[in-house]
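The values are calculated or read from the model by the stated rules, or taken from the named source; none is laboratory data. All of these numbers come straight from a predicted model, not from anything done at the bench. No Cβ is skipped: glycine too gets one built from the backbone with ideal geometry, and neighbour counts run over all protein chains shown.
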Amino acid sequence: MTSILRLVTLAFALLFEPGHAVAAEDRELYQQRLEAQRERQQQVNARNQEINAARSDFRSFAQELKKDYREQVKILDTELELRKVDINADHDAQVADAEAEYQSRIMSAYMNPEGAKTPATPEQLSADTKAHADTLFSLKKQYAEALHTEDIAIEKKKDALWTEMDQKALDEAATLGLTGTYQPILATPIGGELTRQEERWNEREKKAVAKHEEQNRKLVAEFRNGAKLRQWDIDNLEEDFRLTWEEKGKVHALDAEQKVVNSMLMGAAQGGQVDQQQWMKQIQELGAEKRKISTGYRKIRDKNRIERREQRKAILAE
């Protein structure tokens, strides 16, 4: 009987002892993985706190930096306003001189030496009218060009200041660690291979790191792309000015032609020879041509507005 009990005890020992060893090993691996998970979470929490603090510091730095440079830009705006006062005064004086010269020419052309009025021929009237209109248009264009030149010069000075500011902001962002990349805090195999939970952790961590980098990129984007965007704006100002005066020039040519027609008709009316139908036809044709010009340039501007909207987005997304 004693022998039988010993055999049974030995059998139970042989049967259950390995299981106890496996269970103990599983508990040990579980504890190791749990501890590793706690350590990873602590590292992630610390990293996130560090990133958030860096972003907060950068926003405060950028806010003060912008405030300082806005004050410097205001000085340039004042400089532009003062310069425009001189340009306006010069333009007004030139227009006044042109008007006086025109009036003097008209008076001398239609008065004889004895002071008696002489009839003005349609050719004389139309030539004088066109010449005066061309002079005023030329002065107006010169005035606009002078203002535009000053505007562009100030914009370039502003760009130099903003570019200086951008670099300071980017240097601060780099110091705070906001322009680099982050290494994901990944789980490593314990006891052979990753568990499914550890695999999901690694996937989430890689996405989290990518999201942090994208948020940082957006945070400093205005400083990284500022110079390119400002130069793009200046180029657009130049193009818009060119288009505006190209259109004005074409319209002026038609307006001048219409004034010639009007002058000819006025002269002809004095002699009682006016072809009303021909006059109306010419006026209508000139009006239609001006509308065609206006439509064509409006189409160009509409397309530019749409294309520039997408171009701006592309620059900001770089």
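Let me confirm something: among ALA268, ALA314, ALA288, which residue is over 30 Å from LEU229 (Cβ atoms), at pLDDT 90 or above and not charged (D, E, K, R)?
Answer to the check: ALA288.
Only one of (1) modelled with pLDDT under 95; (2) closer than 30 Å to ASP134 by Cα is not met by ASN236, so which one is it?
(1)
Scanning the range 291-307 for residues that are under 22 Å from the mean Cα position of the chain (by Cα) and among the β-branched types (Val, Ile, Thr), which turns out nearest to ALA253 (Cα to Cα)?
ILE300
Listed residues SER104, SER60; which is at pLDDT 95 or above and assigned to a helix (DSSP H, G or I)?
SER60
Can you tell me how many residues within the range 157-205 are assigned to a loop (DSSP other than H, G, I, E, B), buried (at least 17 other Cβ atoms within 10 Å of the Cβ) and of a type in the set (D, E, K, R)?
So the count comes out to 0.
Residue by residue, here is whether (1) surrounded by 11 or more Cβ atoms within 10 Å (Cβ to Cβ); (2) among the polar types (S, T, N, Q) holds:
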{"residue": "ASN48", "(1), (2)": "yes, yes"}
{"residue": "ALA54", "(1), (2)": "yes, no"}
{"residue": "LYS67", "(1), (2)": "no, no"}
{"residue": "ARG70", "(1), (2)": "yes, no"}
{"residue": "ASN88", "(1), (2)": "yes, yes"}
{"residue": "TYR102", "(1), (2)": "yes, no"}
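Those residues that are aliphatic (A, V, I, L, M) and at pLDDT below 95, I need them from the range 193-218; list them, please.
Looking only at the range 193-218, we keep the residues that are aliphatic (A, V, I, L, M), and these are 194, 208-210.
Listed by number, the list holds a single entry, LEU194.
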